[in-house]
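Please read the structure below before turning to the comments.
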Amino acid sequence: MTAPTNLRTAQRAGLALVGYFVRRHPISFAVGVGGAALFASAIVASAVVIGRATDSVILPVLDGGEPIAGRLWPAALAVVGVALWKAIGITLRRIGAGYLQYHSQADTRLALMDKVLRMELSWFRRQTTGDLLAITDADASQATFILAPIPYGTGASLLLIGTVVMVFAIDPTLALIVFVAIGGIVSIDASGSWRTFVAFQRIQEGRADVARVAHESFDGALTVKALGREDYETDRFAAVSDSLRDGLIGIGKTFTNYRVMVEALLSATTVVMLVMGAVRVGAGAISAGQVITIAYLLGLLLIPIRIIGFVLWDLSHSVAGWNRVTSVLHAEDIVAYGDLTARPIPLPAAVAGESIGFGYLANEPVLSDVNVAISPGKIVAIVGPTASGKSTLAVLMARLWDPDSGVIAIDGADVRDFARSALPGEVAFVSQEDFLFDDTVAGNIAFGVDVTDADIARAAQVAAAADFIGGLPDGYDTILGERGTVLSGGQRQRIALARALVRKPRLLILDDATSAVDPSVETRIIQALRGADLPSTVVVVAYRRSSIVLADEVIFVDDGRIQAQGRHQDLMRSVPRYAEILEAYETDAAERAKVLGETE
């Protein structure tokens with residue numbers, strides 16, 4: 001949905017928004033509108049009852065001195081009946097409106113989550129976490145906010161129509177006054193709501209800025225505190241908060257100015273109607289009871305007219321929020337899947353790549369014309385200098401990105417031909433940047449997969465995590481907290497590795513996934529992977545010689561190409577650049593160890 005450019009397109013966008021949600025929940029909308037219609041008809045009926053009670057009970061008794069006996073109870077029963085009628089309408093209206101709003105809100109958030117998780121990783125690089133959080137929370141809430149008053153607004157519209165028709169039936173002159181006044185009030189509110197539409201857009205963007213800065217400050221708390229930049233971050237947050245405050249105040253001022261005009265017009269209409277009503281009674285055109293009926297209706301119309309105004313203003317705000325929601329829902333960077341399902345073959349996978357080319361940015365290739373073949377059941381180390389493309393090759397094998405050219409195949413099947421969630425049934429990827437959820441150790445390892453406690457324990461054993469898990473307060477039932485902050489970096493990596501192993505993948509890809517553990521532990525893990533009863537081909541992006549020498553084969557990547565592939569000993573003899581890289585790794589590791597030893 002594009003941003004409206006004038007009042008008519010804004011109204012059309014608002015109607016399209018309401019229609020979208022109504023089509024998804026027609027029953028709740030019908031219940032809400034039905035209740036609003038009952039309420040509106042009860043209001044009109046109550047005016048009729050009050051008018052007739054004035055003519056048949058109050059005036060005869062007070063002015064004519066007639067006895068009240070036989071007159072009071074019918075009038076009282078009519079009043080009670082109308083009150084019950086109105087109560088039923090209010091109940092149905094609120095139930096229907098509540099169901100419509102909150103279910104639509106939940107539907108929107110679920111649709112956003114489903115869409116976001118289907119997007120390519122390249123799309124995530126163009127977003128901020130704070131903005132996505134704001135769209136999922138504040139914008140989704142604001143987009144559906146209009147649904148709560150819609151049934152009431154519908155009922156108010158019916159009440160206005162009923163009032164105008166009834167006043168026309170009583171006296172066309174007074175009806176013309178009421179009709180002009182109501183038209184003016186609605187026009188004022190419609191104009192005001194459109195004038196603030198752009199401001200509402202900025203408000204939603206301001207809320208996203210507040211969420212973004214807050215998320216960065218909380219997520220980067222360690223960096224902020226380590227560098228002593230608490231005041232700087234507070235000032236940064238204050239700037240976006242103040243901007244949001246000023247925007248809200250500006251809209252509040254505009255809204256107040258328009259409401260003053262509406263209230264003044266309502267008051268003037270009441271005064272003019274009473275004066276003209278007295279004139280019409282004096283002329284014998286209508287009765288005093290009919291004037292009371294019209295005055296009572298106008299008094300009751302004050303709240304519905306305000307509601308219609310609120311609906312128009314809320315509609316602009318909701319359209320502004322919905323535009324941001326649809327910017328995600330209509331995004332086209334969706335990962336395309338085929339229909340190939342995972343094949344339940346308990347055997348290691350073979351990997352082949354042909355003419356692979358890829359770049360994260362246009363005209364800046366990371367990999368060029370790469371051809372690779374990995375035999376099933378092998379442990380293969382991918383080695384190369386920084387920014388050579390080795391991690392990129394690993395993520396392409398897991399289809400976290402798609403190559404710009406060429407094909408990557410698992411057992412001869414293009415990874416792009418697998419159905420959604422089918423490829424992760426055969427391939428497991430563990431990155432250096434491990435992520436743990438605010439759950440138990442067992443919950444993080446299983447992560448929604450139906451596995452037994454024994455499966456979890458075996459995976460933890462292979463990942464060299466069983467010992468430290470046993471030392472946690474509640475073992476596998478220990479809550480790790482957000483991002484697993486109670487664990488060290490190496491412990492988090494081993495939990496992430498166990499999470500991949502418990503799935504028994506046919507292809508296990510480790511992108512420097514043990515960089516935070518001791519070399520001896522890393523060696524133990526590689527040896528455990530070799531001896532474990534796993535149907536896996538293992539691909540390891542490696543830096544340490546202790547891990548590389550344990551691999552059956554090494555793929556040497558440099559300058560975006562595979563320069564050599566073979567056994568470690570053979571590459572050391574035949575590829576000088578490979579030997580140079582490994583020596584550089586070892587020198588760097590030794591220097592770091594020396595520095596750490598001196599600081600201790």
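Please treat every number below as a calculation from the coordinates, not as lab data. Every value quoted in this text rests on a predicted model; they were computed, and no experiment measured them. Every residue, glycine among them, receives a Cβ derived from its backbone with ideal geometry; neighbour counts consider all protein chains shown.
General observations
- Of MET113, MET572, the sequence from fewest to most neighbouring Cβ atoms within 10 angstrom is MET113, MET572.
- Overall, the anisotropy analysis places the chain in the prolate class: the square-rooted eigenvalues a ≥ b ≥ c of its C-alpha gyration tensor yield a/c not less than 1.5, with a/b exceeding b/c.
- Nearest-ten-degree value, helix 72-118 long axis tilted from longest Cα axis of the chain: 20 degrees
- Computed from the C-beta positions of THR173 and MET113, the FRET efficiency with R₀ = 56 Å rounds to 0.45.
- Per-peptide packing, taken as the mean over residues of other Cβ atoms within 10 Å, places 366-375, 390-399 in the sequence 390-399, 366-375 from highest down.
- 10 Å beta-carbon shell around VAL380, net charge (K/R +1, D/E -1): -1
- Amide N of region 392-416 lying under 19 Å from the label point, which is placed 7 angstrom from the Cα of GLN127 along Cα→Cβ: 400-402
- For region 451-529: rounded, prolate or oblate by the Cα gyration tensor [a/c cutoff 1.5]: oblate
- C-alpha long axis of helix 7-24 to longest principal axis of the chain, angle in °: 70 degrees
- Angle in degrees between helix 288-329 and the longest Cα principal axis of the chain, rounded to the nearest 10: 10 degrees
- Computed FRET value (nearest 0.05) for ARG420 with VAL260, which takes r as the C-beta separation and R₀ as 60 Å: 0.60
- Dipole moment magnitude, nearest 20 debye, the chain about Cα centre, only Lys, Arg, Asp, Glu C-beta charged: 2280 debye
- Pairs of Cα atoms in region 25-329 fall into 20 Å distance bins, from 0 up to the last occupied one, in shares of 26, 44, 22, 8, 0 percent.
- Note on ARG561 and ASP474: the model spin-label points, each 7 Å out from Cα along the C-beta direction, lie 5.6 nm apart.
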